[in-house]
């Protein structure tokens, strides 16, 4: 399968920084997959995200979205339409003061015909479970609801890839669950490629693949079961393992035999129940 | 406490007045303002007041809300009245004492001016009471769209207004938060002389400004990521449609202006 985003050995340094934020990163994002990018502060994970839709362009190497080079100005709009980006603070992404008008912003910018905009807006709001709130004022919604509106605003462009840059960092636990559930559903049921930048390990367990960044490089890469069984290596990178992985490791050390891939709370509970007979 | 501030004071509703196209309401408000300045007889004032009362009733707006809108203007209204009452030249004295004199003409003019200001302000308030700020912005954008040919950035202006409206509650919330934070550190925002209080506002305003700039930066980035590149080639999800009721409203407006002019001619 051809990757939807191909990152070829890119490097990038912010002006006046002592060391590069990205230093020779290569990565292929396959269509329909859910990739989580982990890393401590300053590891370069947000910088990497900003390269995926040409907010930043690499100093060396290149990024191809559906074969389009992000360094070419001509490709800017087609790339942004294909790769939607959701940021940390939902308040600073919402433009209009009615939910449905905000979701309509992107297709309006793209010059989509009014009837089709209506259809896309309703669709996008249903996909994130916010259709009933379409006439509400955004500032009266909870953090998790606002962030789901922001996701709908991006979905209305009909993107192939959804990049989320720490979308849950400012949310309470309930808001986090809502957003992660919506994102996972978009990937599994609608086939949208998801790249989730996060520092919450329990969000990363739902991904197909995990990329761990450290000082501008990819330190670890693999399926969640392989990454989270390396507790030592993760801790050395300033990260932790999810509670489920820690629990499984301790139970297995005590003589049980539980599948280290059962990392979501539901799967973990089922695996333990089975192991205990 | 800052949360109680409402801007534009829109009362949502589903009356014929609310359902009118915002363009119709904007144009008719303009017509109404012009008509007020064409009034030339007491009958005209009575008719205008009656029309205003009728629209208010039709929109299910309580008259008290209209009077409340006039409250901040009490000073201007009184000032207009006093100015006209005492400084209208004339010979038909009602009252004369040393250099203070009130003429019959002055009294008439004062009453007329006060009525004019009150009718004018209540009429425009009726517009904001029955039309959401967003609809007003939208209507203005479309009414002014011929100016695009003269390279007036009509769409950008309306987007600015829309974003400003969107961020008012967010910034009020933030101000509240900064105020609490500064009070927790012993800042005194409520007592002291005026210059002292103005100085005490600095630790409030500086963080607010800095955070607004950061917000603006992030919002611009988010807008670019959603393919914003100016007003060109943009479409709108919501199309405005002139309906039968809009035509009826224009008809009423025309009748109203005609009646004002006839009353002026007849001097009733």
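Tabulated values for the structure
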read-out	value
Residue within the stretch A:150-166 that is assigned to a loop (DSSP other than H, G, I, E, B), within 13 Å of chain B (Cβ to nearest Cβ) and under 15 Å from the mean Cα position of the chain (by Cα) present	yes
Only one of A:45, A:50 that is within 15 Å of the chain's Cα centre (by Cα), within 14 Å of chain B (Cβ to nearest Cβ) and within 16 Å of residue A:213 (Cβ to Cβ)	A:50
Residues within the stretch B:202-236 that are under 27 Å from the mean Cα position of the chain (by Cα) and not in a helix (DSSP H, G or I), tallied	2
Some residue of the stretch A:74-86 being under 20 Å from the mean Cα position of the chain (by Cα), within 13 Å of another protein chain (Cβ to nearest Cβ) and assigned to a loop (DSSP other than H, G, I, E, B)	no
Test: residue in the stretch B:209-220 that is within 14 Å of another protein chain (Cβ to nearest Cβ), surrounded by fewer than 16 Cβ atoms within 10 Å (Cβ to Cβ) and farther than 28 Å from residue B:174 by Cα	no
Filter result for residue B:26 (within 17 Å of residue B:124 (Cβ to Cβ), free of Cβ contacts under 8 Å to residues at least 40 places away in the same chain and assigned to a helix (DSSP H, G or I))	no
Unique match (being crowded, with 20+ Cβ neighbours inside 10 Å and farther than 20 Å from residue A:165 by Cα) among A:96, A:49	A:96
Out of B:102, B:117, sole residue that is in contact with a helix residue (DSSP H, G or I) (Cβ under 8 Å, 6 or more places away or on another chain) and assigned to a helix (DSSP H, G or I)	B:117
Only one of B:144, B:140 that is touching a residue at least 40 places away in the same chain (Cβ under 8 Å) and either touching a strand residue (DSSP E or B) at 6+ places or on another chain (Cβ under 7 Å) or closer than 25 Å to residue B:20 by Cβ (or both)	B:140
Number of the condition not met by residue B:173 [criteria: (1) surrounded by fewer than 16 Cβ atoms within 10 Å (Cβ to Cβ); (2) over 30 Å from residue A:78 (Cβ atoms); (3) away from every other protein chain (no Cβ under 14 Å)]	(3)
Odd one out for residue B:199, checked against (1) within 27 Å of the chain's Cα centre (by Cα); (2) in a helix (DSSP H, G or I)	(1)
Among residues of the stretch A:102-131, those that are facing chain B (nearest Cβ under 7 Å) and not in a loop (DSSP other than H, G, I, E, B), counted	8
Tally of residues being in contact (Cβ under 8 Å) with a residue 24 or more places away in the chain and either within 11 Å of chain B (Cβ to nearest Cβ) or in a helix (DSSP H, G or I) (or both) across the stretch A:132-145	8
Criterion: at negative phi, assigned to a helix (DSSP H, G or I) and crowded, with 18+ Cβ neighbours inside 10 Å - qualifying residue of B:67, B:75, B:125, B:79	B:125
Yes/no for residue A:62 being over 26 Å from residue A:219 (Cα atoms) and outside any loop (DSSP other than H, G, I, E, B)	no
Conditions (1) surrounded by 14 or more Cβ atoms within 10 Å (Cβ to Cβ); (2) at pLDDT below 85; (3) farther than 24 Å from residue B:134 by Cβ: number failed by residue B:256	(2)
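Conditions tested, residue by residue: (1) facing chain A (nearest Cβ under 9 Å); (2) closer than 23 Å to residue A:134 by Cα; (3) without any contact (Cβ under 8 Å) to a residue 40 or more places away in the chain.
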residue: B:241; (1), (2), (3): no, yes, no
residue: B:248; (1), (2), (3): no, no, yes
residue: B:255; (1), (2), (3): no, no, yes
residue: B:259; (1), (2), (3): no, no, no
residue: B:263; (1), (2), (3): no, no, no
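The values are calculated or read from the model by the stated rules, or taken from the named source; none is laboratory data. Just so it is clear, the model here is predicted, and its values are computed rather than measured. Because the Cβ atoms are built from the backbone with ideal geometry, glycine has one as well, and the counts that use them run over all protein chains shown.
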